There are 2 protein chains.
Amino acid sequence: MTVFLLLLSFSVKAQNTEDKRGKYSGNHVKYVFLFVGDGMGVAHSAATEAYRSAINNDKVMHPLSFNEFPSQGLMTTYAKDRFITGSAASGTALATGHKTSINTISMNEDRSSEYPTIAEKAKANNMKVGIITSVSIDHATPAAFYAHEPKRHNYYNIGRQLTGSNFDYFGGGGFKSSKGPEGDKPDLIKMVEDNGYKYVDSKSDFRGLEKNAGKVMAVNPRLDNGAMPYALDMNRKDLSLADFTEKGIELLDNEDGFFMMVEGGKIDWSAHGNDAAGVIHGVMAFSDAVDEAIDFYERHPEETLIVVTSDHETGGMAVGAKKTEYSSYYERLQQQKVTLDVFGDKLDELVKDSPDGEVAFDRVMQITEKYIGLGKERHGLGLNKCDMRLLQHAYEIQFKDKEKPEEMDAMASAYIGKQSFAQTAVDILAKKAGVSFTSNSHTGIPVPVSAIGPGAELFDGRIDNTDIPKNIEVLLWPIGK
Amino acid sequence: MTVFLLLLSFSVKAQNTEDKRGKYSGNHVKYVFLFVGDGMGVAHSAATEAYRSAINNDKVMHPLSFNEFPSQGLMTTYAKDRFITGSAASGTALATGHKTSINTISMNEDRSSEYPTIAEKAKANNMKVGIITSVSIDHATPAAFYAHEPKRHNYYNIGRQLTGSNFDYFGGGGFKSSKGPEGDKPDLIKMVEDNGYKYVDSKSDFRGLEKNAGKVMAVNPRLDNGAMPYALDMNRKDLSLADFTEKGIELLDNEDGFFMMVEGGKIDWSAHGNDAAGVIHGVMAFSDAVDEAIDFYERHPEETLIVVTSDHETGGMAVGAKKTEYSSYYERLQQQKVTLDVFGDKLDELVKDSPDGEVAFDRVMQITEKYIGLGKERHGLGLNKCDMRLLQHAYEIQFKDKEKPEEMDAMASAYIGKQSFAQTAVDILAKKAGVSFTSNSHTGIPVPVSAIGPGAELFDGRIDNTDIPKNIEVLLWPIGK
């Protein structure tokens, strides 16, 4: 059988990506958008579509615009040294076309040499380059496009490489800590400015940026550890991922073309926390950013390529749950008003605001109803005895420092893990809506790729994350250039 | 934004399935294979690929042959009246191109009129038709191709429609009960024979079937309620799904072409039980059957279309798990020697074989080690305190009729549901391997479609389950025929 399969694989594979790439003779593109929904698997966008249908009382599942692109593929993501990848290894694959080891940023497996990135190649070919993310700009995914670093957690080193990159536009998140973890290093923001960048962190300055602004680093007015707020937590003080994308197009558009990478980084964070509403709002914000690129594509369809993909799946997300069985109630997720993280902050504030540091269970439940919706009978979010037991249990551990009874402990560690009260609450809501997760980590399932524009067909079918920059390269430049 | 999206959807969608179908001007095909992996989502085939890599100590994820087909899409599956579909409504979509209500077999939503099926149309066009499944032949998926019935559970009525279908080949599973649920109805097997079919249920008769055998209904020598054994439970007495597919090709191959539907029905059953090893062996058997079609395709590449898809995802399966986090140990699943169902039977036998009906925990654990591998330290399957507590708990409920302590009950119903000892054991094994499930039901995530042959590009991108027979029709016959 193995022999048969091996022989077979030649003839079937002959029509696949590598071969298609080698034979490509279509138009070359001038403008490339690579959108990376960090942690976004098939379920994350499907849940978003289902949510949009549910809140509109619509029985048809309308695709997010990128899910309607003419080319769609499924992409393997495994790292050189681990089946389940991480953002650094997968970012490296997406940026350089090489598999590498976990936590490595655009270097080879043993971190002895650097891999050039598609963004660097674009820059060397006189194109303008923009890197946009909703998390901090020195995070693994954006870093993989401009830095080469043995460890993804060397944020300061990565930031320093940003300042010397000469890329044209950085947008969205800022530096995690611009003076290093100890606050004793030369300020990266100053280095950015010294290297000729305009550093913009207010809404009015951002709005005022014009086409001839030169090199720009623009960050959201509110940042938390360098990251933009979650989409669900944004207010009118914030700029959206779509705003940064729209501005990027304005700044980068030029005769010699551009390469723009846009990361929806917080989809992953919400998925790690199994926060279904957070994931869905993250995907919607990401999709809005893609729509800006589509708008540009419509004006330059013969020269624009848009690729939308992900670096890995996070959370083992399912659009279904054990208890809701065949039913779905996605509209219930509307009752969640803030993300898991902000809800956790609200709970912390309760303790801080209490004179004796004590917070009653009833008070916690009031806040839970207000922000997560649990307890709202008329929205299908009444709490049964079992929900109450779980919430009370989480409350006792978090607010009363109570030890878990041994019985609970065995079950909890097997089926819940260590969960905060906030996690327990969003978990209960998600399951009542008919969404569930199996993990707080990444998983190894292939992720979707969507593409539109000349050569989009190279992204059809089964591909690997290393194919992404290889395909882009072939579509940008005649082979050998 | 909505207006923008609506306008946009025209231009982007313009290149999609419906439009591509309308403009198709390529070769027409003569031989069509439609493979349906019941319940098989992206995770089910990814887990199978990861398992094959793991047992071969290979770090690369080698695609199953159908995952390497040049065309791949993602297909929505929702039913007319429910977001999460069932096999009847989805089977109807795959067979007729119409969405219908849950549990309805190839009739309209209110069950007042019948939809013609692609298999019936093929027959009317002088093609030969074969329907193959690993579950009973009157089950929803195969039934949707030859029957029209208001309720999928009317198995006898469905079976009677089979006998009058005049289709050329039925293979794999047999009737659930050939004389009806009460055993008082005319025997369907006799009706099949009276209608000119050769009914074959032994291995030697099966092997002896020759090209000129006429109409054939061939079932596996061992059937359980009409269904073939699970792939993992098969022995040399059984015929495989690949055997039935190979024989189908032999019997149906003729000048006027054929349409063959092959269902891997037990992938779904194993996924319902969250039985990872059962799922993986089911997918491998299904893939072997596809390989028979590929063999035929290689001989008639200009006239053969193979479409491989699924009716819905089952189990909310993830190739990752909460406790294993970023690690994977798929090779551990090799220690499971029988499926969940057969393991349950082994446990029942223990009780039956005991003189006083009592079975000690140690004895149950011996059997568990033997068949599921739990306890085999050298294979990474040592049991910790928490695993033991869960197993003991399940043992007490199942073998001692002990009531659950209230504490356990709340947690169990929230996180486990009612689980038998066998379910608890396969669940622990799967999680130790790094596979997990979120549901015992179907979920609403889009499922993959793979296609090869003339017109395979119609199956690229985002499609709906109703597109499948519409695409096949266009590829079989010039529009209007």
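Below is a table of values for the structure above.
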read-out	value
Cα centroid of segment A:235-281 to Cα centroid of segment B:301-376, whole Å	42
Over chain A, relative contact order from alpha-carbon pairs under 8 Å, at least 6 apart, %	27
Mean residue ellipticity (222 nm) of chain B, computed from DSSP H runs ≥ 4 via -39,500 (n - 2.57), nearest 500	-12500 deg cm²/dmol
Candidate lysines for bridging to B:K185, where Cα separation is under 20 Å - those fewer than 8 sequence places away on the same chain excluded	B:K151, B:K176
Inter-chain Cβ neighbour average for residues A:62-75, partner chain, 10 Å	6
Least to most buried among B:R236, A:R52, B:R462 (fewest other Cβ within 10 Å first)	B:R236, A:R52, B:R462
Per-copy distances of the A:P478 label point, shortest first, in nm (7 angstrom along Cα→Cβ)	4.2
Pseudo-label separations to other copies for B:N166 - Cα-to-Cβ vector, 7 Å, nm	7.6
Peptide ranges B:249-256, B:388-395 listed from the most packed, as the mean C-beta count within 10 angstrom indicates	B:388-395, B:249-256
Residues of type aspartates and glutamates that A:K337 reaches as a straight line, Cα spacing below 13 Å, ignoring anything fewer than 8 places off in the same chain	A:D233, A:D275, A:E369
Reach of B:K211 by Cα under 27 Å, taken over lysines that are not fewer than 8 positions away in the same chain	B:K30, B:K121, B:K123, B:K128, B:K190, B:K198, B:K203, B:K237, B:K247
Fewest-first ranking of A:T100, A:T424, A:T314, using other Cβ atoms within 10 Å as the exposure measure	A:T424, A:T100, A:T314
Centre separation in Å (Cα based) which lies between segment A:97-168 and segment B:91-153	53
Value of D in µm² per second that Stokes-Einstein yields for chain B, Kirkwood Rh from Cα pairs, at 10 °C (1.306 mPa s)	68
Value of D in µm² per second that Stokes-Einstein yields for the protein assembly as shown, Kirkwood Rh from Cα pairs, at 25 °C (0.890 mPa s)	84
For A:K185, inter-copy label distances in nm, listed shortest first [label point 7 Å out on the Cα-Cβ vector]	7.5
Rounded to 5, the percent of DSSP beta bridges in chain B classed as antiparallel	30
Relative contact order (%) - segment B:37-133, alpha-carbon pairs under 8 angstrom, separation at least six	14
Peptide A:78-90, shielding by other chains (average Cβ, 10 Å cutoff)	3
For segment A:254-323: relative contact order, % (alpha-carbon pairs under 8 angstrom, 6 or more apart)	31
Percent antiparallel among DSSP beta bridges (both partners in the protein assembly as shown, rounded to 5)	30
Phi-based couplings in Hz for segment A:61-68 (Karplus 6.51, -1.76, 1.60; Gly and Pro marked x)	8, 7, x, 4, 4, 6, 6, 9
Least to most buried among B:D58, B:D201 (fewest other Cβ within 10 Å first)	B:D58, B:D201
Label point distance in nm, B:K203-B:E302, each placed 7 Å from Cα along Cα→Cβ	4.1
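Bear in mind these aren't lab numbers, they're just calculated from the coordinates by the rules spelled out. Keep in mind that this is a model prediction, so the values were computed, not measured. Neighbour counts are summed over all protein chains in view; Cβ atoms, including those assigned to glycine, are modelled from backbone coordinates with ideal geometry.
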